[in-house]
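Accompanying notes for the structure given below.
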């Protein structure tokens with residue numbers, strides 16, 4: 001079965017998080033939860049990290065609800081990012097001092 005471009009990004013993010021020793025989960029969106037929650041909820045080096053993944057070239061295509069959740073995470077002191085390439089995860093976390 002063919003994978004979607006976003007699924008390929010998610011698979012690469014899972015591999016990078018696993019290699020970094022992160023705890024993570026992928027919340028399932030339902031009508032009973034909070035809309036717009038990022039695809040990955042993680043704890044890495046004692047920090048709360050949320051990652052919204054997009055297909056390559058679609059990084060700026062977040063919904064209003066996703067934007068609201070990302071702002072809320074930042075206000076609470078967490079790290080939240082939107083990526084469309086797993087290499088962006090490495091770059092961002094290095095800049096944040098989460099990983100070397």
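Some values worked out for this structure:
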{"item": "Residue match in the stretch 64-75 (condition: in contact (Cβ under 8 Å) with a residue 40 or more places away in the chain, surrounded by 18 or more Cβ atoms within 10 Å (Cβ to Cβ), within 12 Å of the chain's Cα centre (by Cα) and in a helix (DSSP H, G or I))", "result": "no"}
{"item": "Residues located in the stretch 18-43, provided they are without any contact (Cβ under 8 Å) to a residue 40 or more places away in the chain, under 20 Å from residue 94 (Cα atoms) and buried (at least 16 other Cβ atoms within 10 Å of the Cβ)", "result": "22, 24, 40, 41, 42"}
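Results for (1) farther than 20 Å from residue 25 by Cβ; (2) surrounded by 12 or more Cβ atoms within 10 Å (Cβ to Cβ); (3) out of contact with any helix residue (DSSP H, G or I) (no Cβ under 7 Å at 6 or more places or on another chain); (4) touching a residue at least 24 places away in the same chain (Cβ under 8 Å), shown as yes or no for each residue.
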| residue | (1), (2), (3), (4) |
| --- | --- |
| 51 | no, yes, no, yes |
| 57 | yes, no, yes, yes |
| 83 | no, yes, no, yes |
| 86 | no, yes, no, yes |
| 92 | no, yes, yes, no |
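Bear in mind that the values in this text are calculations on the coordinates, not laboratory data. Given the structure is predicted, the values throughout are model-derived calculations rather than measurements. With ideal geometry, Cβ positions are generated from the backbone for all residues, glycine too; neighbour counts draw on all protein chains shown.
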